[in-house]
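What follows is a set of notes on a single structure, which appears directly below.
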Amino acid sequence: MVSVPGLTLIALLLGCSAPGAQPVSLHYWAVEATVEGREIPSFDAGAAPIKSLLEDLSYDTFRTVLEKGDHIEQDRDKSVTLNRLYAMNLRFTGTDDTDRARLVVTVTLAPRELGGLPRKVVETTLLLAPGGKARVCGLRCEKGGEIIIVLSRS
Amino acid sequence: MFKRKKMMRIGARLDGETRYSGREIPETHDEKLKQYESALLLQRRGAARAARAPEISDTQFDAFMQGIREGVAEPAPRFAGLWTVASVATVTLIVIISLLAFFTGGPDPVRATEVESASTELQGVTVNYYDNPQGVSTVKVNMPENDLW
């Protein structure tokens, strides 16, 4: 028979051995990429730090529409509006055995009619290594071009 | 100053310096100078006794030699056993560490960022993912040009 002190000790040990996960530190950008006939690709000041992550795309002009550094708590949603059409939701669900952060990125498109529901354009699960970077491309804009989301883990 | 000079002359006379040989140094009647001379003589006697080399007399010689013979016959302390134990312990430690390093397989491999899954709910939209030449994980959404907004 397990005594009350024994149960208390087990509960304490379990509590100590499973501390809450640390939040993940992220820096993310939303960049509007367009073709404007430039010979040399142009990056605004916000996009300059991630120039190397955008250069291979077939656009010549990159303008930052959002740039933010954030700590994402585990199992908490973080929603940000990218522009008039798109919104992004981030959810950190924990780390794997090699310390990669599992991050669920959901991008929604504004409803077609007023009062309608946002439409899920893409939902992706990323495994971000410490210092790792990933991007979501192809979020088409009304006047041509697209929104590119870049995520960088600190 | 004159007293100091007299003290120096007393010291020189007691040391037998040549410049005072043949000269008669008048005896002093000053009490302090007499004390100084006595103290100097006492020091000289003490120094002469301390400088005398010890001698072993014939009666002590047998005991002296006996001590030497015992010292020669006694084996020197041996540290060979200690060195052996230390060497064996070191080798054992190295072998244990090597075996542990071999069987534990080393540190976990570092794994790169990757896309685990990607999907869409929109009709006519497709999603794929790849790593670009620079190794950046990329999710690519392919959207039709119209009928989305």
Using alpha-carbon positions, the gyration tensor of the protein assembly as shown gives root eigenvalues a ≥ b ≥ c; with a/c under 1.5 called rounded, otherwise prolate if a/b exceeds b/c, else oblate, the class is prolate
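Using the crude model of +1 on Lys and Arg Cβ and -1 on Asp and Glu Cβ, and no other charge, please compute the dipole size for the protein assembly as shown relative to its Cα centre, in debye to 20. Provide the component values of the computation, followed by the final result.
Details: 36 positive and 38 negative charges, 482 e Å.
Dipole of the protein assembly as shown, to the nearest 20 debye: 2320 debye.
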Long-range amide H contacts for A:THR61: which residues qualify at under 5 Å (H placed 1.01 Å from N, peptide plane, sequence gap of 5 or more or a different chain)? A:THR34, A:GLU36, A:SER42
Which value, in Å² and to the nearest 10, is the accessible area of B:LYS3 when all protein chains are kept and the probe is 1.4 Å? 90 Å²
For segment B:68-75, 3J(HN,Hα) per residue [Karplus equation, 6.51 cos²θ - 1.76 cosθ + 1.60, θ = phi - 60°, Hz, x = Gly/Pro]: 5, 4, 5, x, 6, 6, 5, x
Compare the Cα positions of B:MET65, B:VAL115, B:LEU93 along the charge dipole of the protein assembly as shown (+1 at Cβ of Lys, Arg; -1 at Cβ of Asp, Glu; about the Cα centre) and return the one farthest towards the positive end. B:MET65
Could you please state, rounded to a whole Å, how far the C-alpha centre of segment B:29-58 is from the C-alpha centre of segment A:115-152? 107 Å
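Quick one: compute the contact order of chain B, relative version, from alpha carbon pairs under 8 angstrom and 6+ residues apart, as a percent.
On the way: 52 pairs, mean separation 14.9, N = 149.
Taking the mean separation of contacting Cα pairs over the length of chain B, I get 10 percent.
Once every DSSP H run of n ≥ 4 in chain B is given -39500 (n - 2.57) and the sum is divided by its residues, what mean residue ellipticity at 222 nm do you get, rounded to the nearest 500 deg cm²/dmol? Don't jump to the answer; show the numbers that get you there.
Working: 4 runs with 76 residues, N = 149.
Helix-only estimate at 222 nm: -17500 deg cm²/dmol.
For chain B, what does the alpha-carbon gyration tensor say about shape, rounded, prolate or oblate, given a ≥ b ≥ c as the root eigenvalues, a/c under 1.5 as rounded, and a/b over b/c as prolate? Before the final figure, lay out each step's value.
Values: a/c = 9.88, a/b = 2.72, b/c = 3.63.
Note, shape of chain B comes out oblate.
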Work out from phi, with θ = phi - 60° and the Karplus expression 6.51 cos²θ - 1.76 cosθ + 1.60, the ³J(HN,Hα) of each residue of segment A:41-46, listed in order in whole Hz, and give x for Gly and Pro. x, 10, 10, 6, 4, x
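Run through the DSSP bridge list for the protein assembly as shown and note the antiparallel percent, rounded to the nearest 5. The partial results should precede the final answer.
Working: 59 of 66 bridges.
Taking every DSSP beta bridge with both residues in the protein assembly as shown, the antiparallel ones total about 90 percent.
With a 1.4 Å probe and all protein chains kept in place, how do B:PHE64, A:PHE62 rank by accessible area, largest first? Could the numbers behind the result be given before it?
Details: B:PHE64 95, A:PHE62 5 Å².
Per-residue accessible area, sorted high to low, gives B:PHE64, A:PHE62.
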Spelling it out for A:GLY46: with amide H atoms placed in the peptide plane at 1.01 Å from N, the residues 5 or more places away or on another chain with amide H under 5 Å from its amide H are A:THR64
Base-10 log of normalised Debye intensity for chain A (one unit scatterer per alpha-carbon) at q = 0.14, 0.15, 0.16 Å⁻¹: -0.75, -0.83, -0.91
Comparing B:LEU122, B:LEU33, B:LEU93 in a Gaussian network model of chain B (Cα, 10 Å), the one with the largest mean-square fluctuation is B:LEU122
Between B and A, buried accessible area summed over both sides at probe 1.4 Å, in Å² to the nearest 100? 2700 Å²
Surface accessible to a 1.4 Å probe, B:ILE68 within the full protein complex, Å²: 80 Å²
Using only protein heavy atoms and a 1.4 Å probe, report how much of A:ASP77 is accessible, in Å² to the nearest 10. 90 Å²
Using the Cα centre of chain A as the reference point, and only Cβ charges (+1 on K/R, -1 on D/E), how large is the resulting charge dipole? Debye, rounded to the nearest 20. 280 debye
Show which lysines lie in cross-link reach of A:LYS133 when reach means a straight Cα distance below 19 angstrom and same-chain residues fewer than eight apart are skipped. A:LYS51, A:LYS68, A:LYS78, B:LYS140
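Rank A:LEU127, B:LEU42 by accessible area, highest first, at a 1.4 Å probe radius? Don't skip to the end; give the middle numbers.
Details: A:LEU127 5, B:LEU42 110 Å².
Putting A:LEU127, B:LEU42 in descending order of accessible area: B:LEU42, A:LEU127.
Would you work out if segment B:32-89 is rounded, prolate or oblate? Take a ≥ b ≥ c from the square roots of the eigenvalues of the alpha-carbon gyration tensor; rounded if a/c is under 1.5, else prolate when a/b is larger than b/c, oblate otherwise.
Details: a/c = 10.94, a/b = 2.30, b/c = 4.75.
Oblate is the answer for segment B:32-89, as a/c is 1.5 or above yet b/c matches or exceeds a/b.
Would you work out the relative contact order for segment A:21-153, in percent, from Cα pairs under 8 angstrom that are 6 or more residues apart? If you can, show how the numbers build up before the last one.
On the way: 293 pairs, mean separation 33.8, N = 133.
For segment A:21-153, the relative contact order is 25 percent.
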Karplus ³J(HN,Hα) for segment A:147-154 (6.51 cos²θ - 1.76 cosθ + 1.60, θ = phi - 60°; Hz, whole; x = Gly/Pro) runs 9, 10, 9, 10, 10, 10, 8, 6
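The values are calculated or read from the model by the stated rules, or taken from the named source; none is laboratory data. This structure is a prediction, so every number in the text was calculated from the model and none was measured. Quick reminder, even Gly has a Cβ in these numbers, built from the backbone with ideal geometry, and neighbours come from all protein chains shown. Surface accessibility is based on the protein's heavy atoms, side chains included, excluding ligands, DNA and RNA. Shrake-Rupley method; radii C 1.70, N 1.55, O 1.52, S 1.80 Å.
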